[in-house]
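Before any comments, here is the structure.
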Amino acid sequence: MKMKRILKWTAASILLVLVLWFFIAYWTSTNDCGRNSASKNPMKAIVYCDYGPANVRLDEIEKPSPSDDQILVKVRAVSVNPIDWHYIEGTPYIMRMQVGLRKPKDIRLGVDYSGTVEAVGKNVTNFKPGDDVFGGRNGAFAEYVCARADRGVANGASGGVGTFAVQIAKTLGADVTGVCSTRNLDLVKSLGADRVIDYTKEDFTNSPERYDVLVDNVANRSLSECRRVIKPNGRYVLVGGGGPNDQGLIGPLARPLKAMVFSWFVSQKMGMVFASFNHNDMATLADLMQAGKVTPVIDRSYKLAQVGDAIRYLEEGHARGKIILTVD
Ligand SMILES: NC(=O)c1ccc[n+]([C@@H]2O[C@H](COP(=O)([O-])OP(=O)(O)OC[C@H]3O[C@@H](n4cnc5c(N)ncnc54)[C@H](OP(=O)(O)O)[C@@H]3O)[C@@H](O)[C@H]2O)c1
């Protein structure tokens, strides 16, 4: 009986705290509107100080300036998306937990844009003023947006997956570093990598660089070591790793579980991706190959009957690109 009363009072107290928290959070939910003194360097932009279509207006706000890793884009055109309508209405209401309970936290609207690079931050090497670009960035309904020039690193850049990863990342406009051995440095550079790290001489996880994305095809460094080179809001993308002598009961499958658990406690997103042979991805890849932007790297070809030799070679773990079986 006493236990029941304790549970009842505990539940009631928690509910009261939650209701109080909600009211305080609701009434303190605010944004920059009205607090802006005259902009020193103004630009035209669409803003909304409160939820609802009637509150959307053209105004002048401060022109953004790019940080070291960003580009400043002069916007030429922006597409209007259903997501803009959700931001304007603040619905479904659950999204207000993130975007502002009573008022929108970010008063700018718009997502995907095209335009021309006007200035680049000092760490940006893959874009220059005058480049035509497109991308997605909050606040794109404006004369200017600052966007991040993503930096990525592929551990295992010379293998079957890595040779594609480097080329695809380049087509997406990323600044790419490839980790490979001395004999593959030229190959990985020829695929478009902006920088290469020779793993026989240097441990990429000790590098002072910080990346937005680490694509890991080898999984030979611990997750903590990998995290050192990923920006606080970056991603660790596990593709695979662990050779034939590293299998056991679950072998490399423990790592995706560790990455998932890590992800709960750190600011970076960490997890595994699995190839999915869906129509859209295959069509995109086919278009890139037809346009000559992605070219498969073929190491060796074997006859179908030589499958044993092909597998033995693969198991050595030193393929340069793909190993092929020809059927006719
Ligand atoms: N998640 C998925 O959907 C998916 C899909 C495909 C593959 N995978 C997995 O992803 C992993 C990679 O696949 P893959 O096809 O790229 O394998 P692979 O072609 O056999 O990879 C061999 C390459 O890895 C390089 N390498 C070996 N040790 C390295 C190290 N310490 N640092 C950097 N590079 C190193 C080798 O270069 P050197 O000769 O110079 O050492 C070689 O070029 C495998 O575990 C595979 O099972 C996963």
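Here are the numbers for this structure:
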{"quantity": "Every residue from the range 261-281 that is outside any loop (DSSP other than H, G, I, E, B) and either more than 14 Å from the ligand (Cβ to nearest atom) or in contact with a Phe, Trp or Tyr (Cβ under 7 Å, 6 or more places away or on another chain) (or both)", "calculated": "V261, F262, S263, W264, F265, K269, M270, H279, N280"}
{"quantity": "Residues satisfying the stated conditions in the range 196-227, i.e. modelled with pLDDT of 95 or more, farther than 25 Å from G251 by Cβ and of a type in the set (K, R)", "calculated": "K201"}
{"quantity": "A169, sole failed condition from (1) in a strand (DSSP E or B); (2) within 16 Å of the ligand (Cβ to nearest atom); (3) among the small types (G, A, S)", "calculated": "(1)"}
{"quantity": "Search result, residues across the range 191-205 that are away from the ligand (no atom under 14 Å from the Cβ), of a type outside the set (K, R) and at negative phi", "calculated": "D194"}
{"quantity": "Within the range 27-55, tally of residues that are surrounded by fewer than 13 Cβ atoms within 10 Å (Cβ to Cβ) and within 26 Å of E89 (Cβ to Cβ)", "calculated": "7"}
{"quantity": "Residues of the range 300-322 classified as under 30 Å from G173 (Cα atoms) and either assigned by TED's automatic domain parsing to the domain that holds T200 or small (G, A, S) (or both), total", "calculated": "3"}
{"quantity": "Residue count, the range 112-126 (criterion: of a type in the set (A, V, I, L, M, F, W, C), crowded, with 19+ Cβ neighbours inside 10 Å and more than 18 Å from the chain's Cα centre (by Cα))", "calculated": "2"}
{"quantity": "I71 vs. criteria at pLDDT below 95, surrounded by 15 or more Cβ atoms within 10 Å (Cβ to Cβ), outside the structural domain of D175 (by TED's automatic domain parsing) and of a type in the set (A, V, I, L, M, F, W, C)", "calculated": "yes"}
{"quantity": "A165, sole failed condition from (1) more than 30 Å from V218 (Cβ to Cβ); (2) buried (at least 21 other Cβ atoms within 10 Å of the Cβ)", "calculated": "(1)"}
{"quantity": "Among residues of the range 42-89, those that are over 29 Å from V213 (Cβ atoms) and of a type in the set (D, E, K, R), counted", "calculated": "7"}
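Here is a yes/no grid of residues against (1) farther than 26 Å from A147 by Cα; (2) part of a loop (DSSP other than H, G, I, E, B):
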{"position": "K4", "(1), (2)": "yes, no"}
{"position": "W21", "(1), (2)": "yes, no"}
{"position": "K40", "(1), (2)": "no, yes"}
{"position": "S67", "(1), (2)": "no, yes"}
{"position": "R76", "(1), (2)": "no, no"}
{"position": "I83", "(1), (2)": "no, no"}
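The values are calculated or read from the model by the stated rules, or taken from the named source; none is laboratory data. All of these numbers come straight from a predicted model, not from anything done at the bench. Cβ atoms come from the backbone with ideal geometry, glycine included; neighbour counts cover every protein chain shown.
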